[in-house]
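This report refers to the structure that appears directly beneath it.
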Amino acid sequence: AQSVTQPDIHITVSEGASLELRCNYSYGATPYLFWYVQSPGQGLQLLLKYFSGDTLVQGIKGFEAEFKRSQSSFNLRKPSVHWSDAAEYFCAVVEGGTDKLIFGTGTRLQVFP
Amino acid sequence: GAVVSQHPSRVICKSGTSVKIECRSLDFQATTMFWYRQFPKQSLMLMATSNEGSKATYEQGVEKDKFLINHASLTLSTLTVTSAHPEDSSFYICSARYQGPQETQYFGPGTRLLVL
């Protein structure tokens, strides 16, 4: 069965610093991968997605992610974090043969001024 | 585009009563919608997949008779928590699948249910 691992439960960065959130997946074929962001008490907003093609994907709010098949990873990056980026970030993969999303456990990002 | 709404955003009810939560895709048609439950500081747990015009498919361990799902139109799915109890208190989130070249789920803002 497919799975998604987000190794970092909680990350703290200073405003203006660069950010990388890790995501690893297990899936035999080419996965459909997503990053979502959730602010407290809110639903999930799609940041970006990868289906095929260019392995470096640009998303909203200045985020990007790189699909690395050799490492089974889809890490999320941002060159300069803003205080408004503080939120919970979820990596997800579509389960093969279905349309279900399998979520990682999430990474909580805290931003200090 | 691809906006999903939920109503109500927050509901408080007495134990034993039923609560209905609506999920609407506002600017696209969704043949498939999903219902998730999220406990504090945890990830989303898929409860069921709702298909327009047919019965919902429930995940293992989710009680069908307790969580009634209806997907009567291409833009509306409802989740009814029947005979709610305090342990049903949670954050319920729906999503609608946008069928295009790259199928993607778009999420509603969630409904906070508190059962007293």
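Would you count, across chain A, every pair of lysines whose alpha carbons are under 16 angstrom apart, provided the pair is eight or more residues apart or spans two chains?
Counting lysine pairs in chain A gives 5.
Taking the Cα centre of the protein assembly as shown as the origin and placing charges on Cβ (Lys, Arg +1; Asp, Glu -1), which of A:65, B:86, B:28 is farthest toward the positive end of the dipole?
B:86
May I ask you to work out the translational diffusion coefficient for region A:13-113 at 20 °C, viscosity 1.002 mPa s, via Stokes-Einstein with Rh from the Kirkwood sum over Cα pairs, reported in whole µm²/s?
Translational D for this selection: 154 µm²/s.
Can you pull the one-decimal nm distance between simple spin-label points at residue A:68 and residue A:80, each 7 Å off the Cα toward Cβ?
Calculated label separation equals 2.5 nm.
Provide the packing ranking of A:87-94, A:43-50, B:66-73, B:18-25, i.e. peptides ordered by the mean count of other C-beta atoms within 10 Å per residue, highest first.
A:87-94, A:43-50, B:18-25, B:66-73
Express in % the proportion of alpha carbon pairs of the protein assembly as shown at distances exceeding 24 Å.
Value for the protein assembly as shown (Cα pairs over 24 Å): 45 percent.
Evaluate E = 1/(1 + (r/R0)^6) for residue B:70 and residue A:17, where r is the Cβ-Cβ distance and R0 equals 30 Å; express this FRET efficiency to the nearest 0.05.
Using R0 = 30 Å, I get an efficiency of 0.05.
Place a point 7 Å from the Cα of residue B:114 along the Cα-to-Cβ direction; which residues of region B:12-49 have their backbone N under 16 Å from it?
Answer for this model: B:12-15, B:40.
I need the Debye-formula profile for chain B: one equal scatterer per C-alpha, no solvent, reported as log10 I(q)/I(0) at q = 0.20, 0.22, 0.24 1/Å, two decimals.
With one equal scatterer per Cα and no solvent, log10 I(q)/I(0) is -1.05, -1.25, -1.44.
I want the antiparallel fraction of DSSP beta bridges within chain B, as a percent rounded to 5.
Roughly 90 percent of the DSSP beta bridges within chain B come out antiparallel.
By how many nm would the segment from residue A:51 to residue A:30 grow when fully extended, if each residue of separation counts as 0.36 nm and the alpha-carbon distance is taken off?
Stretched fully, the residue A:51-residue A:30 segment lengthens by 6.8 nm.
No lab work stands behind these numbers, since they all come straight from the coordinates. This is a predicted model, so every value here is computed, not measured. So basically every Cβ, Gly included, is an ideal-geometry build from the backbone, and we count neighbours across all protein chains shown.
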